[in-house]
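The values are calculated or read from the model by the stated rules, or taken from the named source; none is laboratory data. All figures in this text were calculated on a predicted structure; none of them were measured in a lab. No Cβ is skipped: glycine too gets one built from the backbone with ideal geometry, and neighbour counts run over all protein chains shown. We work out accessible area using only protein heavy atoms, side chains counted, and drop any ligands, DNA or RNA first. Shrake-Rupley method; radii C 1.70, N 1.55, O 1.52, S 1.80 Å.
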Amino acid sequence: MNKKKILQLCTFLVLTNTFLTTFSNSATAREKAPTQTTLIQKTIEQAYTKFKPVQDGQNASYIPYLAKADSALYGIAIVTVDGQVFKVGNADHNFPVESVSKIFTLADVLQKKGADTILRKVGVNATGLPFNSVLAIELNNDKLGGSPPAGNPLVNAGAIATASLVEGKTVEAKWKSVLDTASAFAGHPLHLNEDVYQSEMASNQHNQAIAILLHSYDALYADPMETVDLYTRECSYDVNALDLATMGATLANGGTNPRTHLPVVNATTSAHVLAVMATAGLYNTTGEWLFKVGLPGKSGVGGGIVAVVPGKLAIGVYSSRLDTAGNSVRGQLAVQFIAEALGANIFSSKAQ
Ligand code: GLU
């Protein structure tokens with residue numbers, strides 16, 4: 001064979017190989033898409049059926065509105081970063097967001113004021129104590145662990161301190177900022193549940209005490225009572241499991257809502273929010289959650305849980321019965337089952 005012939009043969013082989021690889025990749029993509037879609041829907045249906053009979057736990061009793069929630073309701077949704085939606089059960093049933101809102105207010109403040117403000121003024125370390133602990137403020141104020149008194153943005157003290165950093169001249173302007181950001185995460189306007197708000201305003205003396213204590217340590221950055229009002233509103237907007245999945249998928253997608261395609265926060269803010277969720281998202285049992293599930297998550301005493309698989313998808317679950325730490329019992333079981341079935345644990349070398 002002369003040189004020219006060898007060159008022609010090599011070119012032919014390269015082109016053939018490129019064609020075959022391209023063809024087989026697109027064939028795999030075509031086959032993979034429906035398979036993955038079927039797997040996700042099948043998995044959430046299995047999680048729904050498997051844990052539907054679970055009756056463990058109790059509705060939050062310290063907020064009158066939540067005590068009377070219908071504990072039979074149970075819904076699961078998944079939203080992927082390419083905007084696909086999967087749901088089962090009561091995924092469209094509205095319930096109060098409660099503590100899950102803390103991550104979206106955190107995102108609002110991080111985006112507008114920067115990470116350094118949260119690090120210096122609120123902190124990002126786990127407290128190891130219940131979400132509404134006054135003792136944690138005292139311990140942190142003594143600089144045990146070197147955190148600011150508020151602890152982190154996902155316990156009440158830190159969420160109240162974070163609310164005091166929301167931009168706006170009046171409480172109404174600040175509330176608009178909080179609700180607008182949360183609505184952009186959800187992809188549609190969210191609304192205050194007036195009954196929940198009134199119910200919590202009539203029974204939030206403990207949070208008022210937290211705000212005043214923070215104020216006494218110069219660790220609150222706006223008027224205490226006005227801030228508690230804002231914080232209480234933030235806990236009182238309604239969401240459903242599909243909203244939580246969409247909001248989580250926005251974090252999974254670097255801050256752009258995968259259903260509206262609109263940017264809400266930047267990728268740095270998303271990563272910071274997910275880090276704080278991994279540290280403190282499930283109250284004082286966050287370590288156990290991360291150990292078992294391997295995903296950043298956030299729960300609320302309204303019965304919602306959101307869990308995020310960065311770069312891939314988010315899971316939203318609603319079921320009102322809680323464990324003693326304040327996390328939805330069925331919600332945790334469902335997310336753990338789904339994370340295992342989809343190979344989603346971010347610490348696993350087998351993660352898909
Ligand atoms: N509004 C509730 C409170 O401040 C929220 C608690 C929660 O979901 O953790 O006590």
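Values as computed for the structure displayed
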read-out: Long-range neighbours under 6 Å by Cβ, at least six apart or interchain, first residue closer than 19 Å to SER177 by Cβ and at pLDDT below 95 within the stretch 264-278, second open to solvent by 60 Å² or more (accessible area, probe 1.4 Å) and not charged (D, E, K, R); value: none
read-out: Number of the exception - GLY300 against (1) touching an Asp or Glu at 6+ places or on another chain (Cβ under 6 Å); (2) within 19 Å of THR80 (Cβ to Cβ); value: (2)
read-out: Test for LEU165: is it away from the ligand (no atom under 16 Å from the Cβ) and aliphatic (A, V, I, L, M); value: yes
read-out: Index of the failed condition, TYR221 passing every other in (1) in contact with a Leu (Cβ under 7 Å, 6 or more places away or on another chain); (2) away from the ligand (no atom under 16 Å from the Cβ); (3) part of a helix (DSSP H, G or I); value: (3)
read-out: Flag for GLY151 being within 22 Å of THR250 (Cβ to Cβ) and in contact (Cβ under 8 Å) with a residue 24 or more places away in the chain; value: no
read-out: Top-ranked residue of the stretch 310-331 - restricted to ones that are without any contact (Cβ under 8 Å) to a residue 60 or more places away in the chain and touching a strand residue (DSSP E or B) at 6+ places or on another chain (Cβ under 8 Å), ranked as farthest from the ligand (Cβ to nearest atom); value: GLY331
read-out: THR232 crowded, with 17+ Cβ neighbours inside 10 Å, among the polar types (S, T, N, Q) and free of Cβ contacts under 8 Å to residues at least 24 places away in the same chain; value: no
read-out: Where a residue in the stretch 97-115 is more than 15 Å from ALA267 (Cβ to Cβ) and free of Cβ contacts under 8 Å to residues at least 40 places away in the same chain and its partner, wherever it lies, is assigned to a helix (DSSP H, G or I) and within 8 Å of the ligand (Cβ to nearest atom), with Cβ under 7 Å and at least six apart; value: none
read-out: Selection count, the stretch 65-89, where residues are touching a Pro at 6+ places or on another chain (Cβ under 8 Å) and crowded, with 24+ Cβ neighbours inside 10 Å; value: 1
read-out: Answer residue from the stretch 253-282, given it is buried (at least 24 other Cβ atoms within 10 Å of the Cβ) and of a type in the set (Gly, Ala, Ser) and is nearest to TYR74 (Cα to Cα) among those; value: GLY281
read-out: Scan of the stretch 295-352 for residues that are of a type in the set (Phe, Trp, Tyr) and part of a helix (DSSP H, G or I), ordered by number; value: PHE337
read-out: Candidates ASP92, ASP195 - the one that is surrounded by fewer than 16 Cβ atoms within 10 Å (Cβ to Cβ), charged (D, E, K, R), more than 19 Å from ARG233 (Cα to Cα) and out of contact with any Asp or Glu (no Cβ under 7 Å at 6 or more places or on another chain); value: ASP92
read-out: Segments classed as helices (runs of 4 or more DSSP H), wholly inside the stretch 50-133, with at least 2 members that are within 16 Å of the ligand (Cβ to nearest atom); value: 64-67, 101-113
read-out: Selection status of THR285, touching a residue at least 40 places away in the same chain (Cβ under 8 Å), surrounded by fewer than 24 Cβ atoms within 10 Å (Cβ to Cβ) and among the hydroxyl-bearing types (Ser, Thr, Tyr); value: yes
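Matching residues to (1) farther than 23 Å from ASN94 by Cα; (2) surrounded by fewer than 21 Cβ atoms within 10 Å (Cβ to Cβ); (3) in contact with a strand residue (DSSP E or B) (Cβ under 7 Å, 6 or more places away or on another chain):
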site	(1), (2), (3)
ALA157	yes, no, no
ALA161	yes, no, no
SER164	yes, no, no
GLU167	yes, yes, no
VAL171	yes, yes, no
LYS176	no, yes, no
ALA182	no, no, yes
ALA186	no, no, yes
HIS191	no, yes, yes
